[in-house]
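Here is the structure we will look at.
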Amino acid sequence: MTRFPSIADLRTACNNRPNGDENAAQAAIARQAVLTKPPGSLGRLEEAAILLAHWQAREKPALDRVHVLIFAGSHGVTARGVSAFPAEVTAQMVANFSAGGAAINQLAKQSGAILTVTPLEIERPTADFTQAPAMDEADFLTAVQTGFDAVPEGADLISLGEMGIGNTTAAAALAAALFGGRGADWVGRGTGVDDAGLSRKAEAVDAALACHGEALSDPLEALRRVGGRELAAMFGAALSARQKRIPLLLDGFVCGSAVAPLARLGEDGLAHAIAGHVSAEPGHRRLLGELGLKPLLDLDMRLGEGSGACLAINILRGALACHNGMATFAEAGVSDG
């Protein structure tokens, strides 16, 4: 079992990026070419089916074992007034998940996915990252390990999401550290802050960039210093999925920022990932551009908790229904021109 006793060990693991099965991908491409439709006419559905084939190592992929993994964390930066909701809402929403009352519960059930919610010491917020690193090394590595271990062997697809009051500010700070810019370039209204709250978010990001300085040039240090436990856990889960050759479905801005260090550590770091949607949080579209990912859905969603990605599972099921179930021209007796 992979363990991360130090950041150096984690860095080594991040450099271990196995590839998918190119033979399976080529077989899927060949199958798409002979199905009863004009070439390329199913657009992104064809691309999705081929990516799933590539990482599942089979010409006809399956989505029988889909897991939605939600991680929850608490943030010290909330003391700076960066959220429209109080910090205690994180724990209250985790209880709501457990009771089956949240949007993600309904969407996971509807999409045929297994939902797992993992709170990460939500009673103990991270440090205010405008003044100190959000996590010390041990705390950070524990969170990464938790996410890494949450990915089950043999899954067909992992879909990620989060819950954490204040975490859009953390995501903005992390995006700015990884891709440049200032707070105003990356912050959005998150839970619905007013103009004054939006200014406080931008100021918090700028303060974090000034506080940590050049240390943020290292993607892992950036995640430790201005991220949060749930972001570190999503990073760990994304790394685990890559090492286990499991395709990965990403949610919104917080999720994208959390896994972005993998792309900064190696340009193919997110080769196994699909962007489930683009959220209404303005930084997300810019972030997806930096990551070279095209979202499957654009529905003005900004809920978080994995909801947009989970909804996109249905799109992937449609892609595989066509890829696996359609007749070939030869089977249907249709002229292929």
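Some observations on this one:
- Taken per residue, the accessible surface of the stretch 211-324 reaches 29 Å², heavy atoms only and a 1.4 Å probe.
- Structure-based [θ]222 nm, the chain - -39500 (n - 2.57) summed over DSSP H runs of at least 4, per residue, nearest 500: -15500 deg cm²/dmol
- Dipole magnitude for the chain: about 440 debye, using +1 per Lys or Arg Cβ and -1 per Asp or Glu Cβ, origin at the Cα centre.
- Reported value for the stretch 1-73: 154 Å³ per residue, from the convex hull of its C-alpha atoms.
- Among 158-165, 30-37, the order from most to least packed when residues are scored by Cβ within 10 Å on average: 158-165, 30-37
- Surface per residue (accessible, 1.4 Å probe) for the stretch 4-148, Å²: 45 Å²
- Net lengthening on full extension, ARG11/MET326 (0.36 nm per residue, minus Cα-Cα): 109.1 nm
- For the stretch 34-96, the Cα-based Rg and Dmax, in that order, read 21.1, 59 Å.
- Residue-span extension gain [ALA33 to THR2] - 0.36 nm each, minus C-alpha spacing: 7.2 nm
- Dmax and Rg, reported as Rg then Dmax, of the stretch 142-292 (C-alpha, Å): 14.5, 47
- Cα-only Debye scattering, the stretch 4-139: base-10 log of I(q)/I(0) at q = 0.11, 0.14 Å⁻¹: -0.72, -0.94
- The chain - percent of accessible surface contributed by carbon and sulfur, probe 1.4 Å: 52 percent
- In this structure the amide hydrogen of ALA102, modeled in the peptide plane, comes within under 5 Å of no amide hydrogen from residues 5 or more places off or on another chain.
- Spin-label zone in the stretch 246-262 - amide nitrogen under 19 Å from a point set 7 Å from the Cα of ASN19 along the C-beta vector: 246-248
- Euclidean distance of C-alpha centroids, the stretch 270-300 and the stretch 81-104, integer Å: 24 Å
- Greater than 26 Å apart at Cα, pairs in LYS109/LYS201; LYS60/LYS294; LYS37/LYS294; LYS37/LYS244: LYS109/LYS201; LYS37/LYS244
- Three-way shape call for the stretch 219-298 based on the alpha-carbon gyration tensor, with the a/c threshold at 1.5: oblate
- ASP149 sits with roughly 70 Å² accessible to a 1.4 Å probe, with DNA, RNA and ligands left out of the calculation.
- Amide H partners (placed H, <5 Å) of ALA72, local residues excluded: THR118, LEU120, MET163
- When both bridge partners sit in the chain, DSSP labels roughly 5% of those beta bridges antiparallel.
- Applying a length cut-off of 20 Å (Cα extent along the axis) and a mean Kyte-Doolittle floor of -0.5 to the DSSP H helices of the chain leaves 195-212, 229-243, 307-325.
- Farthest toward positive dipole pole in the chain [+1 Lys/Arg, -1 Asp/Glu at C-beta], among LEU69, ALA210, GLN26: GLN26
The values are calculated or read from the model by the stated rules, or taken from the named source; none is laboratory data. It should be emphasised that the depicted structure is a prediction, and the values quoted were computed from it without experimental measurement. Because the Cβ atoms are built from the backbone with ideal geometry, glycine has one as well, and the counts that use them run over all protein chains shown. These area figures cover heavy atoms from the full protein model, side chains too; ligands, DNA and RNA do not enter into them. Shrake-Rupley method; radii C 1.70, N 1.55, O 1.52, S 1.80 Å.
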